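*Asks:* Dropping a structure here in structure tokens format, bear with me for questions.
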Amino acid sequence: MQLFENYGLSKEILKAIKELGYINPTPIQAKTIPHLLNSDRDLVGLAQTGTGKTAAFGLPILNQIDYQNKITQSIILSPTRELCVQIAKDMQNYAKYLPEIRITAVYGGASIENQIKDLRKGSQVVVGTPGRVLDLINRKVLKINQISFLVLDEADEMLNMGFKEDIDAILETTPIEKQTLLFSATMPPEIMKIAATYMHDPLEISVGTKNSGAENVEHFYYQVNAKNRYLALKRIADINPDIYGIVFCRTRAETQEVADKLIQDGYNADALHGDLSQAQRDHVMHRFRSGNLQLLVATDVAARGLDVNDLSHIINYNLPDEREIYIHRTGRTGRAGKKGEAITIIHNRELHKIREIEKLLKKPINRRQVPDGKEVCTKQLMHIIDRIEHLSEIDPEIDQFLPIILKKLSWLDRDELIKRFVAVEFSRFLTYYKNAYDLNEPDFKENKRSNKAKNQGKSGYTKFFLTLGAKDGLNKGKLLDLINTNDNIAGADIGKIEIMPGYTFFEMDSNYENEVIRAFNNKRYAGKRLKIEIKNSNKKEKPDFRKKDNKPTPKSDKKRQTGRRK
């Protein structure tokens, strides 16, 4: 059995981590700490979030800091302010009995003047987001030309957030003789380029399978009509009464809309997105971390670097645009040996995306049926009964009210009393799900056949002209994504697609004409405002008798001609 005591860490660090409950290292710590304590070779660590990466690099760095020297000796870059603050807090806990070591967090959304004051006092370890770090370097306040350690934590997330140029600019100011540590959950080509450019013969340490999901997470999807996405989310929440998770949405507007609906429907939920101020973000995160929120509805950007323990569920209200982001989302549950569930709500034309993610995960994503009303009510009822049965403490103050209660309810027998009690606690679920209908959509092939049957005898397809083409980066896949991300048209049949350099023709079910116009008109794509119009329709048009080549003569003209003869 491996122990932290066997690695040669200082007694001050060992005392601090023992108080934190650290006894046995995690796999990434067991592989990383000995290497960093005994070698100056660069390192690439591949592991999911929540596997103990901060201690893996933090403990050996603190063990080797020259605390009598006040210059910055280590710089740790992280993608978000939340992760930056968390890393700095963890490092300060590890250094509890190393009073001469100063650790400073620098990030946007907070007073730069206060951060400058802290840096001028001398900080051996600086943890920061790329934008603020580069700003402080340019102001000549933060000097990293003598660092011994450079850490890129959640490197793939930093690239996804567009920090590539900032990272390049920061790395160019660092000395050649330093140890570079890169930690990432996935290994996209951009990360490999950074490793090739700025690292020398790095040792690669991998925990689990590269670019794969967390081991303790089970993956499921629910297939519904796009318009029923929110109803499916409600049933998922109701069938899991103790749910504690994050719901991921595609846009800020959708995030706020879903959170508002959940709050109106009585759930402990709130939104986290880029339109919130730092104070609002901190308030929401405090409520979520303390367990006062069951569901946090978030965008990928807002949730990046979010580190919360004991999440039971990750719900993809919409699939992300990139498969790797799915791994980041779902890696937030199933930590510290606990089980977690990753749930995705899709419509019938998104099944191919599920199959693509399965290849990356190297594990199946199984379909589940959206529970019906009876299943939800049974689960909720048993949850209430279990809470009553296993109630560990009853406030003794209740005893003084018992005589009044017993006298008031003495006319009720046991069965009637239980029935009434359950009705009070449970009536809203029974009422809501009384006439609940089946939300499950048939699989793709069956759905395709049923759609054909539905459309027999109907108007067919309408052809649309869209002011977007190949030169704007549009292809068939991206057009389908644009259609499928709009719940109002996602379920419609699509006909022929013709993509030209500057414009596009595509056909869709004529019953969705107005919805298609609303979905595209005046929206923006790649910085371009879109215009859409109906080119023609497959509906039979009534003949225009005013044209010369139409042979039939209108009755009104016959009357006019007859009148002339008279």
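*Asks:* With an 8 Å cut-off on Cα pairs and a minimum separation of 6 or more residues, tell me the relative contact order of the stretch 4-206 in percent.
*Replies:* Reported relative contact order: 29 percent.
*Asks:* For the chain, give the share of DSSP beta bridges that are antiparallel, in percent and rounded to the nearest 5; count only bridges with both residues there.
*Replies:* Of the beta bridges lying entirely in the chain, close to 25 percent run antiparallel.
*Asks:* Would you give the gap between the C-alpha center of the stretch 295-341 and the C-alpha center of the stretch 131-149, rounded to a whole Å?
*Replies:* Using only Cα atoms, the two centres lie 32 Å from each other.
*Asks:* Just flag the trypsin sites (Lys or Arg not before Pro) in the stretch 369-444 sitting in loop per DSSP whose Cβ has no more than 10 other Cβ atoms within 10 Å.
*Replies:* Passing both the DSSP loop test and the Cβ count: LYS434.
*Asks:* Can you grab the distance from the C-alpha centre of the stretch 371-449 to the C-alpha centre of the stretch 472-490, Å, no decimals?
*Replies:* Taking the Cα centre of each part, the stretch 371-449 and the stretch 472-490 sit 43 Å apart.
*Asks:* The stretch 261-344: which GluC sites (Glu not before Pro) are DSSP loop and have at most 16 other beta-carbon atoms within 10 angstrom?
*Replies:* GLU322
*Asks:* Next question, about the same structure. Would you work out which of GLY460, LEU142, ILE236 lies farthest towards the positive end of the dipole of the chain? Charges go on Cβ: Lys and Arg +1, Asp and Glu -1.
*Replies:* It is GLY460.
*Asks:* A further question on this structure: Could you line up GLU356, GLU389, GLU375 from fewest to most neighbouring Cβ atoms inside 10 Å?
*Replies:* With the fewest neighbours first, GLU356, GLU389, GLU375 line up as GLU389, GLU356, GLU375.
*Asks:* Show me, bin by bin at 5 Å from 0, the whole-percent P(r) of the stretch 374-432 based on Cα pairs.
*Replies:* Histogramming the stretch 374-432 at 5 Å steps yields 4, 14, 19, 22, 21, 12, 6, 1 percent.
*Asks:* How fast does the stretch 1-85 diffuse by Stokes-Einstein, in µm²/s, taking the Kirkwood radius from C-alpha pairs at 25 °C and 0.890 mPa s?
*Replies:* 175
*Asks:* Another one. Work out from phi, with θ = phi - 60° and the Karplus expression 6.51 cos²θ - 1.76 cosθ + 1.60, the ³J(HN,Hα) of each residue of the stretch 463-476, listed in order in whole Hz, and give x for Gly and Pro.
*Replies:* These are the phi-based 3J(HN,Hα) values: 9, 10, 10, 10, 7, 8, x, 4, 5, 8, x, 7, 9, 4 Hz.
*Asks:* I'd like to compare 228-237, 94-103, 122-131: which one has the highest average count of other Cβ atoms within 10 Å, and what's the full order after that?
*Replies:* Taking the mean over residues of other Cβ atoms within 10 Å, the ranking is 122-131, 228-237, 94-103.
*Asks:* Now a separate question. Return one number: the angle in degrees, 0 to 90 and rounded to the nearest 10, between the long axis of the Cα atoms of helix 53-64 and the longest principal axis of the Cα atoms of the chain.
*Replies:* 30
*Asks:* Output needed for the stretch 131-206: three equivalent-ellipsoid semi-axes, defined as square roots of 5 times the C-alpha gyration tensor eigenvalues, in descending order, whole Å.
*Replies:* Semi-axis lengths for the stretch 131-206 are 21, 16, 10 Å.
*Asks:* Throw me the Rg/Rh for the stretch 217-370, computed over C-alpha atoms with Kirkwood Rh, two decimals.
*Replies:* Here Rg/Rh amounts to 0.93.
*Asks:* I've got another one for you. How large is the charge dipole for the chain, taken about the Cα centre, if only the Cβ atoms of Lys, Arg (+1) and Asp, Glu (-1) carry charge, to the nearest 20 debye?
*Replies:* 4160
*Asks:* Using every Cα-Cα pair within the stretch 4-206, state what percent have a distance larger than 25 Å.
*Replies:* 30
*Asks:* What's the ranking of 114-121, 397-404, 240-247, 178-185 by average number of surrounding C-beta atoms within 10 Å, highest first?
*Replies:* Ranked by mean Cβ neighbours within 10 Å, highest first: 178-185, 240-247, 114-121, 397-404.
*Asks:* In 10 Å bins starting at 0, how do the alpha-carbon pair distances of the stretch 130-271 split up by percent?
*Replies:* 9, 27, 23, 21, 16, 4
*Asks:* Using alpha carbons only, how many degrees (0 to 90, rounded to 10) separate the axis of helix 27-38 from the longest principal axis of the chain?
*Replies:* 40
*Asks:* While we're on this one: Taking every Cα atom in the stretch 211-255, find the radius of gyration and the maximum pairwise distance Dmax, and write them in Å.
*Replies:* Final numbers for Rg and Dmax: 12.8, 33 Å.
*Asks:* Related question: Determine, for each peptide in 80-90, 190-200, 523-533, the mean count of other beta carbons within 10 angstrom over its residues, then list the peptides with the highest first.
*Replies:* Those peptides, ordered most packed to least, come out 80-90, 190-200, 523-533.
*Asks:* Summing Lys, Arg as +1 and Asp, Glu as -1, what charge do residues with Cβ under 11 Å from the Cβ of PHE57 carry, PHE57 excluded?
*Replies:* Here the count lands on -1.
*Asks:* Separate question: Quick one: helix 351-361 against the long Cα principal axis of the chain, what's the angle to the nearest 10°, folded into 0 to 90?
*Replies:* The helix 351-361 is inclined about 20 degrees to the chain.
*Asks:* Once the piece of chain linking HIS283 and SER427 is laid out straight, how much longer is it, given 0.36 nm per residue of separation minus the C-alpha distance between them?
*Replies:* This chain segment gains 48.5 nm when fully extended.
*Asks:* If you find the alpha carbon centre of the stretch 71-113 and of the stretch 195-265, how far apart are they in angstrom?
*Replies:* Between the Cα centre of the stretch 71-113 and that of the stretch 195-265, the gap is 28 Å.
*Asks:* Separate question: Run through the stretch 101-183 and list the GluC sites (Glu not before Pro) located in a DSSP loop whose Cβ has at most 10 other Cβ atoms within 10 Å.
*Replies:* GLU177
*Asks:* Mind putting a number on the dipole of the stretch 4-206 about its Cα centre? Charges go on the C-beta only, +1 for Lys and Arg and -1 for Asp and Glu, and I need it in Debye to the nearest 20.
*Replies:* 700
Taken together, the values in this text are just the output of simple stated rules run on the coordinates, not laboratory data. Predicted model, so just to flag it, every value in this text is computed and none were measured. All Cβ positions, glycine included, derive from the backbone under ideal geometry; neighbour counts span all protein chains shown.
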